[in-house]
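These notes concern the structure reproduced below.
The values are calculated or read from the model by the stated rules, or taken from the named source; none is laboratory data. Predicted model only: the values in this text are computed from it and were never measured. Note that we place each Cβ from the backbone using ideal geometry, even for glycine, and neighbour counts take in every protein chain shown. Quick note on the areas: whole protein, heavy atoms, side chains included, nothing else; ligands and nucleic acids left out. Shrake-Rupley method; radii C 1.70, N 1.55, O 1.52, S 1.80 Å.
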Amino acid sequence: AEGKKHDIYLQRYCRTGHKKMIGKQRELEARKKDGSLFPCTIGLTEVHHMGSRKFVGFIKDVTVQKSLLIAEAERQASDNLLHNILPEHIAHRLKQDPSHIADHYDNTTILFADIVGFTDKTSRMSPHDIVSMLNDLFSRFDYLVGRYDLNKVKTIGDCYMATSIPSDELEHDGCARVCRFALDLLQAVKAFNDSGPRHGHVSLRVGIATGQVVAGVLGTKRFLFDMWGDAVNVAARMEQHGVPNQIQVTEKVVENAGPEFTFEFRGTLNVKGKGPMGAYFLKSAKSVCARLSVKERAPAKNEPKPARCQSAVI
């Protein structure tokens, strides 16, 4: 029956010239003599030879090609997962040498953000609602991390940690990028509250510090690019001793952020392990537009400079 349909198609093609299958290929599974299946492509083409028209059918075993495609897809999925877990160039280094990754950074800005009263608030919520709320908030934060070319280190319960390193670009503005990110975090929480969340509004407490850190990847399971150092501890203390809906920073952050930011001196705090420290509130910025890449910030000769973002002072 199938052979008869094939003959009818060829007769119609010779009569009308209408192509439906000629010159095309189709992928399907075929069965070998031993009964096993294999992927193949079949096709039909027309050949003109010495004034006559001939139709040639062909079948091609594509087992090897399919295996290579599957292997490449699996490799790409593995790379995508690794790049989603680790900063891009750290993931690349890990693939080259998985034995040891440890770096020292002289001038790193670290941010901690924590939801105020999270434990009391979530005691009246179902597990599903808790995860849904955190996912909504942290997804907004993740977007801002990408916007300012920062590194999300980890979340610890309701605490969100991000840093200015490692970065593929120049580090001279790392502190400023984290400050802009912090201001936008408060705006993201305001937008979340404006959306009418089911379990009421949330408040964020943010702390920022700048200093030396050691960073690296530990272990062989569930990789995490983590960091340690005095600056990390101080940033955590700035958050813990902070005020709801305020961004508390150290004096070093004020010195490194740049003139486009406005700070308000809060007073002196007795910080565990450090003693008395001056603390400031980050209040506003002249511009909170996303950081431009090196290429965008340094256009080629005779190339017009990109338009600068304009944003109202927060």
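Amide H of S203: which non-local residues (sequence gap of 5 or more, or other chain) have their own amide H closer than 5 Å, using H built in the peptide plane?
V116
Between F265 and E74, what is the label-point separation in nm under the 7 Å Cα-to-beta-carbon projection?
Result for the modelled spin labels: 6.4 nm.
For a quick check: with amide H placed at 1.01 Å from N, whose amide H comes under 5 Å from V62's, ignoring anything fewer than 5 positions away on the same chain?
For V62, the qualifying residues are C40, T41.
Need one number: nm distance between label points at S36 and N193, each 7 Å from Cα along Cα→Cβ, rounded to one decimal.
For S36 paired with N193, the spin-label model returns 6.6 nm.
If you plug each phi of region 111-128 into the Karplus form 6.51 cos²θ - 1.76 cosθ + 1.60 with θ = phi - 60°, what whole-Hz ³J(HN,Hα) values come out, in order, with x for Gly and Pro?
Result, rounded to whole Hz: 10, 10, 10, 9, 7, 6, x, 4, 4, 5, 5, 7, 5, 9, 10, 6, x, 4.
For region 249-264, in order, what is each residue's ³J(HN,Hα) by Karplus, 6.51 cos²θ - 1.76 cosθ + 1.60 with θ = phi - 60°, in whole Hz (x at glycine and Pro)?
Residue by residue, region 249-264 yields 9, 8, 4, 5, 5, 4, 5, 8, 5, x, x, 7, 9, 10, 10, 10 Hz.
Give K152/K190; K121/K190; K121/K252 a once-over and call out the pairs whose C-alpha atoms are over 26 Å from each other.
Where the Cα-Cα span goes over 26 Å, the pairs concerned are K121/K252.
Report ³J(HN,Hα) in whole Hz for each residue of region 35-46, in order, from the Karplus equation J = 6.51 cos²θ - 1.76 cosθ + 1.60 where θ = phi - 60°; Gly and Pro get x.
Along region 35-46, the couplings run x, 6, 9, 8, x, 8, 10, 10, x, 9, 9, 10 Hz.
Run the accessible area of region 116-157 with a 1.4 Å probe and give the carbon-and-sulfur part as a rounded percent.
Using a 1.4 Å probe with all protein chains present, region 116-157 comes out at 53 percent carbon and sulfur.
Please list, ordered by chain and number, the residues whose modelled amide H lies under 5 Å from the amide H of K283; skip anything fewer than 5 residues away on the same chain.
Those qualifying (amide H under 5 Å, at least 5 residues apart or on another chain) are T262, F263, E264.
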